[in-house]
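Since the structure comes first, as C-alpha cells, the remarks are kept for the end.
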Amino acid sequence: MFLLLPFDSLVVNLLGISITVLFTLLLVFIIVPAIFGVSFGIRKVYMKTLLKIFQWATLRIERGAKEKNHPLYKPYVNGIIAKDPTSLEEEIKEIRRSGSGKALDAPEFELSDIFYFCRKGIETIMDDEVTKRFSAEELESWNLLSRTNYNFQYISLRLTVLWGLGVLIRYCFLLPLRIALAFTGISLLVTGTTVVGYLPNGRCKDFLSKHVHLMCYRICVRALTAIITYHDRENRPRNGGICVANHTSPIDVIILASDGYYAMVGQIHGGLMGVIQRAMVKACPHVWFERSEVRDRHLVARRLTEHVQDKSKLPILIFPEGTCINNTSVMMFKKGSFEIGATVYPVAIKYDPQFGDAFWNSSKYGMVTYLLRMMTSWAIVCSVWYLPPMTRQPEEDAVQFANRVKSAIARQGGLVDLLWDGGLKREKVKDAFKEEQQKLYSKMIVGSHEDRSRS
Amino acid sequence: MGSAHSVPAEMRELADRTGFTSEQIEHLHRRFKQLSQDQLTIRKENFDSIPDLEFNPIRGKIVHAFFDKRNLRQESDGLADEINFEDFLTIMSYFRPIEMNMDEEQLDRFRKEKLKFLFHMYDSDHDGKITLQEYRNVVEELLSGNPHLEKESARSIADGAMMEAASICVGQMGPDQVYEGITFEDFLKMWQGIDIETKMHVRFLNVDTIAHCY
C-alpha cells in the first residue's frame, strides 16, 4: 500500500476526472433524450456494427471448422416442428367442445378422437429425438456470447481475442453503465411518483404522473440497451381497454410501457419491487392485489371491471399466459381477462434472438441472475406490433375469444399457436407416461360407457 | 447420393404442388433420408425405426395411410409397396397449416382434403363407406392400449357410436332399415363445426420468420 503513495494523487485525480466525464456523457447522451423522448440513433448504429462483427465471426468459425474437418453442431433446440405435449384429455375435450355442442360429461367414443392419435403419429414421423442433432450446413450467426455457441472450441486466435474483447467491453464498460442507468431510472420513478402523489387530483396530476412513468421507463429501456421497433402505432390501447400481450420476460412491461400509458396489474411483492409498486400507485391508479386476493377470481374480476369502466383510468396491461414463454410459441391464454367485456387491444412482442436471449426460465435462473444476464448481453432487439382492437362477439364465450386473440398475436409475431397451458412443466414425455396416455384414453371411454349402461 | 440435393427447379415445383416452403422441404428431405437409410424409397419396414411411434395405438393405420394409393393421388387403387420422396411430401401436405391468404373456396377444398385423409383411415377396404366392422376395427385399435379391456366392451362402444352416427346422418330409421355405412358426405356432416383445418396440421418452427427488427 505504501508503494502506491507517490502515485496516489495522480490516480485519484484520474479517477475523479474519468467519473465526472462518464457521468456527463451519461447525462447528455442518455438521460436527457430519455426525458424528452428523442433519440440520437446511437443504438441503431451500435446494432449495425454488431451485426457486421457477428457475420465476420461466423465466417471465421465455419472456415476454421472446415480446415480442421470438424462437423459443426447446429442445435435444433426445439426440433423442426412444434409438438405440444397437451394432455390427452385436454385436447380431446377441446376438439369435442368445438364440435357438436354435446355435453362434455358423457364422453364416449367419437369420430374425432382418432384425430389426436393421427396427428401425434405424423408428428413423430416428421421429427423425433433423432433429428435434433447434427446439421452439416451453415451455422446460424454467432453473437460472440459463449453461452449461445457450442462450437466454441473450434475457433482461431483472432476470434478468441475478439471474444475476449467482447467480454471486457460487456462486463467492464457496459455493465456498470447499465447498472448506473437502471439505478437512476428506478430512483427517479420512486421519487417522482411519490412527489406527484402529493398533488391534488386533477388534470395536472394525471399529466405529470404519465410523464414521470414514461420518462423512467425510457431510462430503463436504455439501461438494457433495448432497441425496439414499434409497428402500427395507431392501434395503441386507449382508456377503458385491456392490453393483452404475449409474455417472454419481465422486460416486456418496460418495453410496452415506454411507448404508452398503462395501468399495471399484479401481486404486491415485498422488497424493492414492493417499494416501487407502492410509490407508483400514489401517482395514478394501478391495480395491485394482495397475495390472498389473487386466488379469489371474483374479486379480481370485479376490480378489473371497475377499473375498465372508469374512462378516466388508463388501459390495463395484462399477460394472459400467466408465465414467461420462450418466444417461439404462444400458450393458452387464461380466460379471466376476456370475461370482463372490455375492448381488447392485442400486442405481439417478438425478440430477435441474435443479440441475446430474453427468455426468463424461472426454474433455471432467479430474477437477479436473469437481470445480470440481460445486462451483460449486447443488446435486446425486439419488435412490437399493435394489432387492431377486438371485442367479444355475442356468440362466442370467453375461451373462444381468448383463443381468437391468441391466434391473432401468434400469427403477427410469427410464433407458433399452441394449446398448451404454460403452467405445465416442460418435461420430456417418458415412455411409461405415453403408455399411461393410451390407458387413460380407454379408461375415459370405457368408464363412461359402463356408467351409462349401469344407469 | 446424386439426387440428394434437389435441383432448385425441381424444388420449386415440389413447393408449388405441395405448398411447403423450400426450407421445410429441405428439412423433410433430410428426415426422409434418415428414414429410408439413404435409399430412394421407403417401405413399411422403415417406419419401424421410429421408437416413439410404437406407442401409438393406430400406428398400423397411420403407416398404411402413407402407402394408400388414394392418398397418393394416383388413379389406381390399393397399396403401393414403396414410396419416394415426392409421395412422402404429398402425404405430409395433408398436414400443412392453412395460409392466411386463402379464400373460402380454397379453405373448403383444403378441409375436404384433410377429412378425406381421415376417411381413408377408417375405410380400410376402399369401398367408399365406413361399415360397422371397419368402425369396430378402429375403436378396438384405439382401445388396444388397455390390456384389461374386454373385446365385448370395445365392440359395444363401437356399436353405440355407429348408431349415433346413423341417427345424425339418416335421422330416424325404420325397424327393418339397415344402415349400410357412413359415406364421405355423411362423414363431412359429422365433422361440421369442428374446424379441423386449423387443428390438423403440424407446425414447423420457422426460424426465418423472425421479424426483422431493423
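None of the figures in this text is laboratory data; all of them are computed from the coordinates on show. Bear in mind that the values here come from a model prediction, so they are computed numbers and not experimental data. As a convention, Cβ positions derive from the backbone with ideal geometry for all residues, glycine included, and neighbour counts pool all protein chains shown.
The table below gives the values:
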item: Neighbouring partner chain Cβ atoms per residue of B:154-167, average, 10 Å criterion; result: 3
item: Among B:103-113, A:374-384, A:183-193, the order from most to least packed when residues are scored by Cβ within 10 Å on average; result: A:374-384, A:183-193, B:103-113
item: Dipole magnitude of segment A:157-425 about its Cα centre (Cβ charges: Lys, Arg +1; Asp, Glu -1), debye to nearest 20; result: 560 debye
item: Under 5 Å, built H, 5+ apart or other chain: amide partners of B:T183; result: B:I130
item: At R0 = 41 Å, FRET efficiency that the Cβ-Cβ distance of B:D77 and A:E395 yields, to 0.05; result: 0.40
item: A:R63 versus A:S407: modelled label distance in nm, points set 7 Å from Cα along the beta carbon direction; result: 5.0 nm
item: Restraint check, B:K116/B:K151; A:K52/A:K350; B:K112/B:K151; A:K52/A:K406; B:K44/B:K112; A:K210/A:K335, Cα-Cα greater than 31 Å; result: B:K112/B:K151; A:K52/A:K406
item: Peptides ranked, highest mean first, by Cβ atoms within 10 Å: ranges B:34-43, A:116-125; result: A:116-125, B:34-43
item: Theoretical gain in end-to-end length, A:H211 to A:L299 [0.36 nm per residue, Cα-Cα removed]; result: 28.6 nm
item: Calculated diffusion of segment B:11-94, Stokes-Einstein form, Kirkwood radius summed over Cα pairs, 10 °C and 1.306 mPa s, µm²/s; result: 118 µm²/s
item: Label point distance in nm, B:K44-A:L199, each placed 7 Å from Cα along Cα→Cβ; result: 7.9 nm
item: Percent antiparallel among DSSP beta bridges (both partners in segment A:157-425, rounded to 5); result: 25 percent
item: Tensor-based shape of segment A:157-425 (alpha-carbon gyration tensor, a/c under 1.5 rounded, otherwise prolate or oblate); result: oblate
item: Segment A:T343-A:S292, extension gain: residue separation times 0.36 nm, minus the distance between their alpha carbons; result: 15.6 nm
item: Per-residue Cβ neighbour rank within 10 angstrom, fewest leading, A:C204, A:C220; result: A:C204, A:C220
item: Farthest toward positive dipole pole in segment A:157-425 [+1 Lys/Arg, -1 Asp/Glu at C-beta], among A:I179, A:L304, A:M375; result: A:I179
